[in-house]
Amino acid sequence: NPYTGLVSHLRASWLSGKTRPLEYRVAQLEALGRFLDDKKQEILEATELDMGKPSFEAFFSEILLCKNELNVTLNNLCQWMKDEHVDKNLVMQLDSAFIRKDPYGVVLIIAPWNYPIHLFLVPLIGAIAAGNCAIIKPSEISKNTERLVAETLSCYLDNDCFAVVTGGVPETTRLLENKFDYIFFTGSPPVGRIVMTAAAKHLTPVTLELGGKNPCYVSDTCDVTNVARRVVWGRFFNAGQTCIAPDYLLCTVEMQEKLMPALREAITEFFGPNPRESPDFGRIVSDKQFRRIRALLSSGRVALGGQTDEAERYIAPTVLADVQPSDPAMQEEIFGPILPIILIANVDEAIDFINARPRPLAVYAFSCDSKVVNQVLERTSSGGFCGNDTMMHVTLTSLPFGGIGNSGLGKYHGKFTFDTFSHHRGCLHRNMGLETLNSPRYPPYTQQKLGLLTSTFEVKRRGTCTLL
């Protein structure tokens, strides 16, 4: 296997204890900050070449949010690394019981192409913070960004502990044959199953950040203009190539009639009368993805947009009406600038529609009535939830980000990333003396010993409490 030597080299570095001191972790994290500062312009240029990503969107998603994660980690790492002391029973009052946050060892981070800096860097921040060595596998589809990462990241990080591996499916397949101590994968559910199968051979724990069809319910009581602006922003950011973008709208026929002109107005406001000429609207990443997304335009009726240009890999911001659940656009995650509208009679039917499908990465609900938003929250299940907006929940490092069921396994962002890459090791350090306290547990057993053992170890239930 071509990667066995590399994995072994990193494992030797980890076993040496090099990555464990706080000072080492901080130095590597600060180096990542310099990478973002020094290579800012090159990152903006590479993402523009790969998918026509507007510099505003690239700076916000690939640099600013990464810097936020980095600074939150640097501000809190000393506290996160401390042993967490826990409650003890009567017998162990003089002993030390604590949770030690140990690194896993050598971890593998496989990143996707849609946010090619953010989605390798944020996991890497947590992996370094937790004291691991890491191999980073950027996506070969966003080839300009892949080249930038491969050629420059090694200039900032310790090459004995961190490495970048490039290539496509064959290289990733061979890489996954090696034993890692943790694998963090972001991508599609089908590839997630392949990664999990490879990890199972070595009993390697995984985090899978996958996608899904994120529903967006719009009630009859809402500010239509605000809904349209927030939905258009979330759906067409990065030309729709976002795993948490609203994938389809659920609303009544009356709301659709009000929403359609508001969506048209929002699209024109954001991207002008011809979005193809807008500097603020991106392109599809590859010819393969372009053809896949274009085929979905046959679903329902094109109510807004629908223009395409294969040479530019351009697909206009598009809204589809009269879409049926059996249409192609409802059979897969769209991952492009197309927004289908599904008609439902009421909120109960919308909730039933959501619950009849695999659990998504995000559920969105819009209503001026907070009871309606809470009803959707309480009666559905998803990786995350956002009421009266789209995608903004992902910008808070204080919230866990991750999927459930078909949309993923595990969570990260902020301290959750540190915890994901840390083994929480339960530890008890007892006193060598005071042997009399231990005698009730030793044979020969008697009823008197059992009574003593029960009185010192038993946990009694407190009075009942009521959740308000």
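The values are calculated or read from the model by the stated rules, or taken from the named source; none is laboratory data. As the structure is a prediction and not an experimental result, all values here were calculated from the model. Because the Cβ atoms are built from the backbone with ideal geometry, glycine has one as well, and the counts that use them run over all protein chains shown. SASA here: full protein model, heavy atoms, side chains in, ligands and nucleic acids out. Shrake-Rupley method; radii C 1.70, N 1.55, O 1.52, S 1.80 Å.
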Using 0.36 nm per residue of separation minus the Cα-Cα distance, give me the extension gain between Thr454 and Asp389 in nm, one decimal.
-> 18.1 nm
Using a Förster distance of 30 Å, how high is the FRET efficiency between Glu265 and Glu140, based on the Cβ-Cβ distance and rounded to 0.05?
-> 0.15
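Take the alpha carbon gyration tensor of the stretch 98-138, find the square roots of its eigenvalues, order them as a ≥ b ≥ c, and report rounded if a/c is under 1.5; if not, report prolate when a/b exceeds b/c, else oblate. Before the final figure, lay out the partial values.
Values: a/c = 3.65, a/b = 2.26, b/c = 1.61.
It is prolate, given that a/c is not under 1.5 and a/b is the larger ratio.
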When the Cα centres of the stretch 74-111 and the stretch 419-463 are compared, how far apart do they sit, in Å?
-> 21
Over the chain: helical MRE at 222 nm, DSSP H runs n ≥ 4 each giving -39500 (n - 2.57), nearest 500 = -12000 deg cm²/dmol
Tell me, what is the per residue accessible area of the chain in Å², probe radius 1.4 Å?
-> 46
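Assuming 1.306 mPa s and 10 °C, estimate D for the chain with Stokes-Einstein, Rh taken as the Kirkwood radius over Cα pairs, in µm²/s. Intermediate values should be presented prior to the final figure.
Values: Rh = 24.5 Å.
Diffusion coefficient, whole number: 65 µm²/s.
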So for the stretch 215-406, Kirkwood radius off the Cα pairs, Stokes-Einstein at 4 °C and 1.567 mPa s: how many µm² s⁻¹?
-> 78
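Provide the percentage of antiparallel DSSP beta bridges, counting only those with both residues in the chain; round to the nearest 5. All intermediate terms of the calculation are to be shown ahead of the outcome.
Values: 18 of 50 bridges.
The antiparallel fraction comes to roughly 35 percent.
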For Lys371 and His423, extending 7 Å from Cα along the Cα-Cβ vector and measuring point to point gives, in nm, a value of 5.2
Mind checking which helices in the chain clear 20 Å along their axis (Cα) and have mean Kyte-Doolittle hydropathy of -1.0 or more, DSSP H runs only?
-> 22-38, 65-81, 253-271
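In debye, nearest 20, what is the charge dipole magnitude of the chain about its Cα centre with +1 on Lys and Arg Cβ and -1 on Asp and Glu Cβ, if you could check? Show your work: numbers first, answer last.
Details: 47 positive and 51 negative charges, 344 e Å.
It comes to approximately 1660 debye.
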Hey, got a sec? Which trypsin sites (Lys or Arg not before Pro) in the stretch 410-468 land in a DSSP loop and have at most 15 other Cβ atoms within 10 Å?
-> Arg430, Lys460, Arg461, Arg462
Give, rounded to the nearest 20 debye, the magnitude of the charge dipole that the stretch 235-383 has about its Cα centre when Lys and Arg contribute +1 at Cβ and Asp and Glu contribute -1 at Cβ.
-> 340
When the charge dipole of the stretch 215-406 is computed with +1 at the Cβ of Lys and Arg and -1 at the Cβ of Asp and Glu, the Cα pointing farthest to the positive end, of Pro325, Gly384, Ser286, is that of Ser286
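Rounded if a/c is under 1.5, else prolate if a/b beats b/c, else oblate: with a ≥ b ≥ c from the C-alpha gyration tensor eigenvalues square-rooted, which is the stretch 1-129?
prolate
Given the pairs Lys82/Lys460; Lys179/Lys201; Lys39/Lys143; Lys88/Lys460; Lys67/Lys415; Lys101/Lys415, which span a C-alpha to C-alpha distance of over 18 angstrom in this model? Let's see the in-between values first.
On the way: Lys82/Lys460 30 Å; Lys179/Lys201 9 Å; Lys39/Lys143 16 Å; Lys88/Lys460 14 Å; Lys67/Lys415 15 Å; Lys101/Lys415 12 Å.
Result: Lys82/Lys460 exceed 18 Å.
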With every protein chain in place, the stretch 152-298: carbon and sulfur % of accessible area (1.4 Å) | 56
